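These notes are about the structure you will find just below.
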Amino acid sequence: MVENILHRRSLDASASQNALIGRVLREYIVPDLYPFAIGLGMVGPALLAHGTVEQQEEWLRPIASGTAVWCQMFSEPEAGSDLANVALSARQDGEEWLIEGQKTWTSRAMWADWAICLARTDPNQPKHKGLTMFAIPMEASGVEVRPLMQMNRDAHFSEVFISNARISDKWRIGEIGEGWRVAMTVLAHERAGGGSRGGGDGSARGSQLPSWIADIQTLNDLSSIQREDISAVYSHDTVSRWTSQRAADEARVSGAPGPAGSGAKLRTVRSYKGRARLSNLSAGAHGMLESGHGYIEVMTAPSMSIRGGTDEIQRNILGERVLGLPGEPRLDREAPWNESRKGLL
Ligand SMILES: Cc1cc2nc3c(=O)[nH]c(=O)nc-3n(C[C@H](O)[C@H](O)[C@H](O)COP(=O)(O)OP(=O)(O)OC[C@H]3O[C@@H](n4cnc5c(N)ncnc54)[C@H](O)[C@@H]3O)c2cc1C
């Protein structure tokens, strides 16, 4: 049955059918769709919102069928939380663009066929205005991927160095100077997805115990303190899933994800950390070893608060856009990027 559902997902499901399929998949342990998550969850929706008909025809079906893996080349050494500070440059040369610069923390770059890449096309404009979005084929000449090792020993993300790569103007996504708008669509979908790995983990299996609790239970007899701890994490986890569902439903109704995705991401991260801690503690001293139960999850947990925008940035978004608190001082908003940037150098 799960195979049928996965197959259906790669066909012509509508957005609401897709949401329903996602909900059913969460009930089962299914293959991990992590390599496809950027394409399915972020690039696909951004192409539907900003891509041309030709681009949708070229890219959407390979994304849906899993024949093309995409990565997201946004972050740079000086542009993470302050993403509008992106420096990677794209210079127009007739029908082509000349790309030069560095990206970092690019998950899946070593497997990707394509990258959605935010570039600076006009350094004389204020930082949010001189940006343009491109799709870059990862096998293009001048693109070099250097994998990095994380503290959980995962090597799924990389630095990407681009030197004199030439790409066609037909791979520009959105208008010149509109890159920030496209980036916001991509990020809103990323947050609404709550850093999802793209597959089910069996954690929503009706009346049965979620897999992570069953897992802990097989390791030892639970003390009353452990039961209490598990109940607290389970309650939070359940609320977290409802919050993500509400954010996704709101996004479907309004046509685009909004700041509710930031709340959903914060809760999802807290749930992940709680589950990782409990699984690891339940293994006792063995949990301190690399082979120990829950060790990898504990070592992965801090990165959950960073990827897709840090916890602090999600709280800023909620403060400003949901609670209506005064915005942060942003002194470099109107100045030309190449002048305001001098303060950083
Ligand atoms: C596992 C993992 C996978 C990733 N995958 C990708 C990817 O595929 N593609 C991609 O483009 N990027 C990716 N990233 C990068 C990620 O988006 C950035 O690391 C993140 O946005 C933070 O940027 P930074 O690392 O430059 O930290 P900085 O922005 O330098 O932040 C440093 C600290 O300062 C805090 N801070 C910064 N500004 C503010 C503020 N205004 N208010 C309050 N606190 C603030 C931050 O919260 C943080 O604690 C990934 C990161 C990780 C860890």
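The values are calculated or read from the model by the stated rules, or taken from the named source; none is laboratory data. Here the structure is a predicted model, which is why all the values come from computation and not from measurement. Here Cβ is always computed from backbone atoms with ideal geometry, including for glycine, and neighbour counts include all displayed protein chains. Surface areas here come from the heavy atoms of the whole protein model, side chains and all, with no ligands, DNA or RNA. Shrake-Rupley method; radii C 1.70, N 1.55, O 1.52, S 1.80 Å.
What the table below lists for this structure:
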{"quantity": "Residues that are in contact (Cβ under 8 Å) with a residue 24 or more places away in the chain and either open to solvent by 40 Å² or more (accessible area, probe 1.4 Å) or more than 16 Å from the ligand (Cβ to nearest atom) (or both), drawn from region 176-192", "calculated": "176, 177, 178, 180, 181, 189"}
{"quantity": "Subset of region 70-87 [assigned to a loop (DSSP other than H, G, I, E, B) and out of contact with any strand residue (DSSP E or B) (no Cβ under 8 Å at 6 or more places or on another chain)]", "calculated": "78, 81, 82"}
{"quantity": "Residue in region 221-244 that is modelled with the lowest pLDDT, counting only those that are open to solvent by less than 50 Å² (accessible area, probe 1.4 Å) and among the β-branched types (Val, Ile, Thr)", "calculated": "243"}
{"quantity": "Count of region 245-270 residues which are at pLDDT 90 or above and farther than 12 Å from residue 188 by Cα", "calculated": "5"}
{"quantity": "Any hit, region 50-64, residues being within 13 Å of the ligand (Cβ to nearest atom) and over 15 Å from residue 181 (Cα atoms)", "calculated": "no"}
{"quantity": "All positions within region 110-125 that are under 18 Å from residue 160 (Cβ atoms) and not aliphatic (A, V, I, L, M)", "calculated": "111, 113, 114, 117, 120"}
{"quantity": "Enumeration of residues in region 90-110 that are part of a strand (DSSP E or B) and either within 15 Å of the ligand (Cβ to nearest atom) or open to solvent by 40 Å² or more (accessible area, probe 1.4 Å) (or both)", "calculated": "91, 92, 93, 96, 100, 101, 102, 103, 104, 105, 106, 107"}
{"quantity": "Strands (runs of 3 or more DSSP E) enclosed by region 111-174 - at least 3 residues per element that are open to solvent by 30 Å² or more (accessible area, probe 1.4 Å)", "calculated": "143-148, 157-168"}
{"quantity": "In region 304-341, the residues that are modelled with pLDDT under 95, within 21 Å of residue 271 (Cα to Cα) and among the small types (Gly, Ala, Ser)", "calculated": "308, 309"}
{"quantity": "So residue 84, is it open to solvent by less than 10 Å² (accessible area, probe 1.4 Å) and away from the ligand (no atom under 11 Å from the Cβ)", "calculated": "yes"}
{"quantity": "Neighbours by Cβ (under 8 Å, 6+ apart or cross-chain): first from region 66-82, closer than 14 Å to residue 42 by Cα; second among the basic types (Lys, Arg) and at pLDDT 95 or above", "calculated": "73/103; 74/103"}
{"quantity": "In region 60-69, the residues that are open to solvent by 30 Å² or more (accessible area, probe 1.4 Å) and in a helix (DSSP H, G or I)", "calculated": "60, 61, 62, 64, 65"}
